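Here is the structure we will look at.
None of the figures in this text is laboratory data; all of them are computed from the coordinates on show. Only a predicted model underlies this, so the values are computations on that prediction, with no experimental measurement involved. When we count neighbours, we look across all protein chains shown, and the Cβ atoms used for this are built from the backbone with ideal geometry, even at glycine.
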Amino acid sequence: PLVLGIESSCDETGVGIVRGDQMLANEVASSVEQHVRFGGVVPEVASRAHLQAIVPALERAFEKAGVSPDELDGIAVTSGPGLVGALVVGISAAKALSLAWNKPLYGVNHLVGHVAVDLLEHGPLDPDSPTMALLVSGGHTSLLRIGNLVDDIEEVGTTIDDAAGEAYDKVARVLGLAYPGGPVIDKAAQFGDPTAIRFPRGLTAKHDLEKHRFDFSFSGLKTAVSRWVETEQAAGREIPVNDVAASFQEAVADVLTAKAVDACQRFGATTLLLGGGVAANSRLRGLLEERTAAAGIILRRPRPGLCTDNGAMIAVLGAQVIASGAAPSPILLGADSGMPVSRSYEAPAA
Ligand code: ATP
Ligand code: MG
Ligand code: FE
C-alpha cells in the first residue's frame, strides 16, 4: 500500500511516504535548536514549531515522492506516546487530510514505528526467525518479543527508572556538554578510554537478575557519574571529559547488549532488531554486532539516520497495519501520551 506517515510526538516534524517497505520520501524538520538553551524539549515551543513546519514538510514529501494524494491507500499518524500538545498538531493535520482526500486514517504507535523502520532498509521480518527487538529511545528502553508488528508484541523487560537516552542527556549536562547528549557523548567517547572508570551496570547483580533479568536501570549510573565528577572537582582536578563519556557509554552499551542477547537466548529469538534514537550510538551498534555474532544471532539495525524520529517509520508501520486488513481508526482519534507499546494502532471501538 501507498501510505503517508505523519510524526509529531516530540521535537521532530516528520512526513514520510512509503509504498509497502519502499521509502519514497522522508522529510524531517527539527525544532531541537530552539530547545538547546533550555537543556530539554519545551512542549509549548515544540507544538508551535510543528504547526509551522507541517505544511511545508507535506509539500516537500509529495514533491520528492512524485505521487499525488489521490493515489494514497491511507494516512498514518503517530497517536502516542509523546507530548500531547505536539501529537495534536500531527493528528489534526492527518484528520484534515483524511477528510479532504477521503482516505482512511490510522493512528499508530511511535515506539512500534521505531522498530518497524528497519523494514525500509532490510525488508520484511523473516517468519522463520523469531524476533526480539531492543528499543532504546529518548523516553523508553525495552526488550520486545515481536510475533508481528501489528498485533503481537510483548514487552519482556523495560527500564525501572530512566530511559537510555535520558541517561545520555543527563550525563551530558553533568559534563557541561550540549543538549541533546547522545550525539555529543558519542563523539567525545571516540577520544576517550572506555576502561578509564568502571561505572555500575544496573540490575546485573545476582539478586537483581532473579526479579529483573530483562529489565534496565540507568538512574544509578547517572548518579555514579555525577558523584565521580563532583569528587574530582572538589579535589581541584580537571575532568577528563572524553574518558568519562567513553566509560559511561561503555556501561550503557555493555548492559543493553548483554541483556538483549540473554533475552534472545531465553525466548528462542534468532533475530535481534535494534530501534530508537539511541540505536544511532556507535558503541552500542559495534558491541551488539560482536555479541550477536558470537551468539549466532542475526542482527538487524537501521542506519543511524532512520533511528531518530521521522515520518517514514510511521508510514511503514501504517503500511503493515493496512496490509493486515485492519479497520481504520475513528475520525475522533485522540492523542494518547501513554500509549502502551503492545498496542500498535488505534482500532475502532468494538
Ligand atoms: P521516544 O521515542 O521514547 O518517545 P524520543 O522520540 O524523544 O523518545 P528518539 O528520537 O527516539 O527519542 O531519540 C532521541 C534520543 O536519542 C535522545 O535522548 C538522544 O540523546 C539519543 N541519541 C541520538 N543519537 C544518539 C547517539 N549517537 N548516541 C546515543 N544516544 C543518541
Ligand atoms: Mg528528537
Ligand atoms: Fe522517538
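How many percent of DSSP beta bridges within region 1-122 run antiparallel, rounded to 5?
Working: 14 of 23 bridges.
Approximately 60 percent, going by the DSSP bridge assignments.
Could you please tell me the mean projected area of the C-alpha convex hull for region 291-346, averaged over all directions and given in square nanometres to one decimal?
Numbers: hull surface 24.2 nm².
Averaged projected hull area, Cα only: 6.1 nm².
Evaluated at 10 °C with a viscosity of 1.306 mPa s, what Stokes-Einstein diffusion coefficient in µm²/s does region 216-350 have when Rh comes from the Kirkwood expression over alpha-carbon pairs? List each step's numbers first, then the result.
Details: Rh = 18.4 Å.
Diffusion coefficient, whole number: 87 µm²/s.
Explain nothing, just the number: relative contact order of region 245-297, from Cα pairs under 8 Å at least 6 residues apart, as a whole percent. Display every interim value, and only then the final one.
Working: 30 pairs, mean separation 24.8, N = 53.
Relative contact order here is 47 percent.
Could you work out [θ]222 nm for the chain from helices alone, using -39500 (n - 2.57) per DSSP H run of at least four and dividing by all its residues? Round to the nearest 500 deg cm²/dmol.
Values: 13 runs with 157 residues, N = 350.
Result for the chain: -14000 deg cm²/dmol, rounded to the nearest 500.
What's the longest uninterrupted piece of the chain once you rule out the trypsin sites (Lys or Arg not before Pro) that are loop residues per DSSP with at most 16 other Cβ within 10 Å? Display every interim value, and only then the final one.
Numbers: sites that count: R198, R213, R237.
Of all site-free stretches, the longest is 1-197.
Could you run the Karplus curve 6.51 cos²θ - 1.76 cosθ + 1.60 with θ = phi - 60° over region 191-206 and give me ³J(HN,Hα) per residue in whole Hz, x for Gly and Pro?
Per residue, the Karplus-derived 3J(HN,Hα) values read 9, x, 9, x, 9, 4, 10, 8, 8, x, 9, x, 6, 10, 6, 3 Hz.
Apply 1/(1 + (r/R0)^6) to the Cβ-Cβ distance of V45 and S324, taking R0 = 45 Å, and write down the FRET efficiency to the nearest 0.05. Don't skip to the answer; put the middle values down first.
Numbers: r = 37 Å, r/R0 = 0.82.
Once the sixth-power term is evaluated, E becomes 0.75.
When only Cα pairs under 8 Å and 6 or more residues apart are kept, what is the percent relative contact order across region 252-334?
Details: 69 pairs, mean separation 24.3, N = 83.
Once normalised by length, the contact order is 29 percent.
Where Rh is the Kirkwood radius over the Cα pairs of the chain, the temperature 10 °C and the viscosity 1.306 mPa s, what D in µm²/s does Stokes-Einstein return?
Rounded, D is 77 µm²/s.
In terms of Cα to Cα distance under 15 Å, which aspartates and glutamates are near enough to K95, apart from those fewer than 8 places away along the same chain?
Within reach: E7, D73, E346.
Identify all lysines with a Cα-Cα distance to K187 below 27 Å; exclude those on the same chain that are fewer than 8 residues away in sequence.
The qualifying lysines are K170, K222, K259.
List the residue ranges in the chain for DSSP H helices whose C-alpha atoms run 18 angstrom or more along the long axis and whose Kyte-Doolittle average is -1.0 or above.
Working: long enough: 43-65 (31 Å, 0.00); 84-101 (25 Å, 1.68); 219-234 (22 Å, -0.46); 241-267 (39 Å, 0.41); 282-295 (20 Å, -0.40).
Within the chain the helices that satisfy the rule are 43-65, 84-101, 219-234, 241-267, 282-295.
Under a point-charge model restricted to the Cβ atoms of Lys and Arg (+1) and Asp and Glu (-1), what is the dipole moment magnitude of the chain relative to its Cα centre, in debye to the nearest 20?
The dipole of the chain has a size of about 420 debye.
Mind listing the Cα extents of region 49-204 along all three principal axes, in Å, largest one first?
Cα spread of region 49-204 along its principal axes, largest to smallest: 59, 42, 28 Å.
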